[in-house]
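Engineer: Right, I'll just put the structure down here and ask away after.
The values are calculated or read from the model by the stated rules, or taken from the named source; none is laboratory data. This one's a predicted model, so the numbers in the text were calculated from it and none came from an experiment. Backbone-built Cβ (ideal geometry, glycine too); neighbour counts: all protein chains shown. Only protein heavy atoms, including side chains, enter the accessible area calculation; ligands, DNA and RNA are left aside. Shrake-Rupley method; radii C 1.70, N 1.55, O 1.52, S 1.80 Å.
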Amino acid sequence: MTAPETPTTTPVDAPRPAAAATTARSGPPPAPGSARRAALPVVLAVAVTVLLWASAFIGVRAAGHDYEPGSLALGRQLAGSVGVTAILAVRWLRSGTRPVLPRGRLLVAVLAWGVGWFSLYNLALNAAEQHLDAGTTALLVNVAPVLVAVLAGVLLGEGFPRRLLVGMAAAFAGVAVIAAATSSGERDVLGVALGLTAAVLYAGGATSQKRLLARVDALTMTWVGCLAGTVALVPFAPALAADAAAAPPSSTWAVVLLGLGPTAVAFTTWGYALSRLSAGRAAATTYLVPPLVVVLSWLVLAEVPAPVTFAGGALCLAGVAVATLPRRRVAPVPPVPAARA
């Protein structure tokens, strides 16, 4: 707050106190090198998240031959809970500061977020990949950034530009193309529906997480939410025991790695990045996930989506880009000073 102005007369050539105060408060602008160093951890966190989440589609598809969606989700969450707990413990020991757990309504909100993203999203994703290849599923789930932009504009005040409607129309036209290309039977149509369900759950999870990060630490929130998602999946424990007893070691290791990598590490780096980016920008960083999934699926699983699916996926990505990428601002042209006589 500034002091109220007093009705005194100030000479024309005298310095203005308000401007001087503003200059003193603002200080010299930060050096470009320091700004780049400050942004580097966020870039690395985004890169790790994108790579691990892309690998998750491959792991789910590979393990899904021997694990049912529910048992796969629970096994992944058990490993993920152990991984996130280890990460939290390391930070606790290094900093000497005990994590502050949320309470009351905030705790309820974090628990609900954890159940929605760590259990329901994984169930929908695992079930979708029982019907569709990994690349097609990734293309469907990638419409989530459009939904994140809509929810962020409505709930977080991040803006609701008109071009969002154009992007949404293009993205869902691409979904329609994918659905038509994979509609050889009821199983494929169900897979498309499950993929879109996963996208909706992803969008809701990212948006609600962004709102909650203003009140709770990112790593603590990830840990509490991961435990909540694990507890919600406990009813699938008998199925997990049966599948683990019959599955080959390669599939079981795939489940464990899904928990340690795409869950424990990737959700930790995602929370770090999301706490420093807007929800729309953070979701837009996942554009590279579908192309990476297609390449990894071809190399690891020898699965390649149909050409028409590629066309629909390209339309989805174009719509997502139009809807969420920030518009370039044109710098204002400085006024030309009038010539003095």
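Engineer: Could you say whether any residue in segment 246-257 is part of a loop (DSSP other than H, G, I, E, B) and in contact with a helix residue (DSSP H, G or I) (Cβ under 9 Å, 6 or more places away or on another chain)?
Structural biologist: yes
Engineer: Could you please let me know if Leu288 is surrounded by fewer than 18 Cβ atoms within 10 Å (Cβ to Cβ), of a type in the set (A, V, I, L, M, F, W, C) and touching a residue at least 24 places away in the same chain (Cβ under 8 Å)?
Structural biologist: On the way: surrounded by fewer than 18 Cβ atoms within 10 Å (Cβ to Cβ): yes; of a type in the set (A, V, I, L, M, F, W, C): yes; touching a residue at least 24 places away in the same chain (Cβ under 8 Å): yes.
Judged against the criteria, Leu288 is a match.
Engineer: Checking the structure you have, find out if any residue of segment 257-269 is open to solvent by less than 20 Å² (accessible area, probe 1.4 Å), of a type in the set (Phe, Trp, Tyr) and touching a residue at least 40 places away in the same chain (Cβ under 8 Å). Steps first, please.
Structural biologist: Step one: of segment 257-269, the residues open to solvent by less than 20 Å² (accessible area, probe 1.4 Å) are 258-259, 261-264, 266-267.
Checking the rest, the ones that are also of a type in the set (Phe, Trp, Tyr) come to 267.
Okay, now just the ones that are also touching a residue at least 40 places away in the same chain (Cβ under 8 Å), so 267.
Checking segment 257-269: at least one residue is open to solvent by less than 20 Å² (accessible area, probe 1.4 Å), of a type in the set (Phe, Trp, Tyr) and touching a residue at least 40 places away in the same chain (Cβ under 8 Å).
Engineer: Please count how many residues of segment 192-238 are touching a Leu at 6+ places or on another chain (Cβ under 8 Å), small (Gly, Ala, Ser), modelled with pLDDT under 90 and open to solvent by 10 Å² or more (accessible area, probe 1.4 Å).
Structural biologist: Matching residues across segment 192-238 total 2.
Engineer: Pairs only if they're at least six apart or on different chains, beta carbon under 8 angstrom, first in segment 95-123 and closer than 16 Å to Ala203 by Cβ, second open to solvent by less than 30 Å² (accessible area, probe 1.4 Å) and charged (D, E, K, R); list them, first residue then second.
Structural biologist: Hits for this filter: Asn122/Arg76.
Engineer: If I filter segment 297-314 down to residues being modelled with pLDDT of 75 or more and over 21 Å from Val60 (Cβ atoms), which single residue comes out as most open to solvent (accessible area, probe 1.4 Å)?
Structural biologist: Taking the candidates together, the pick is Pro307.
Engineer: A further question follows. From (1) among the small types (Gly, Ala, Ser); (2) modelled with pLDDT of 70 or more; (3) surrounded by 15 or more Cβ atoms within 10 Å (Cβ to Cβ), pick out the condition that doesn't hold for Ala245.
Structural biologist: Single failed check for Ala245: (3).
Engineer: Is it the case, given these coordinates, that Val108 is farther than 20 Å from Pro248 by Cβ, part of a helix (DSSP H, G or I), open to solvent by 60 Å² or more (accessible area, probe 1.4 Å) and modelled with pLDDT of 95 or more? Break it down into steps so the answer makes sense when it comes.
Structural biologist: Details: farther than 20 Å from Pro248 by Cβ: yes; part of a helix (DSSP H, G or I): yes; open to solvent by 60 Å² or more (accessible area, probe 1.4 Å): yes; modelled with pLDDT of 95 or more: yes.
Judged against the criteria, Val108 is a match.
Engineer: Looking only at segment 169-191, which residues are at pLDDT 85 or above and open to solvent by less than 10 Å² (accessible area, probe 1.4 Å)?
Structural biologist: Matches in segment 169-191: Gly191 only.
Engineer: Would you mind telling me which numbered condition in (1) of a type outside the set (D, E, K, R); (2) open to solvent by 20 Å² or more (accessible area, probe 1.4 Å); (3) more than 19 Å from Ala63 (Cα to Cα) Ser250 fails?
Structural biologist: Unmet condition: (3).
Engineer: Can you confirm whether Arg98 is open to solvent by 60 Å² or more (accessible area, probe 1.4 Å) and in a helix (DSSP H, G or I)? Before you say what the answer is, go through the steps one by one.
Structural biologist: Values: open to solvent by 60 Å² or more (accessible area, probe 1.4 Å): yes; in a helix (DSSP H, G or I): no.
Criteria not met by Arg98.
Engineer: Could you please let me know if Ala282 is open to solvent by less than 10 Å² (accessible area, probe 1.4 Å), over 21 Å from Val108 (Cα atoms), part of a helix (DSSP H, G or I) and of a type in the set (Gly, Ala, Ser)?
Structural biologist: When the stated conditions are applied, Ala282 passes them.
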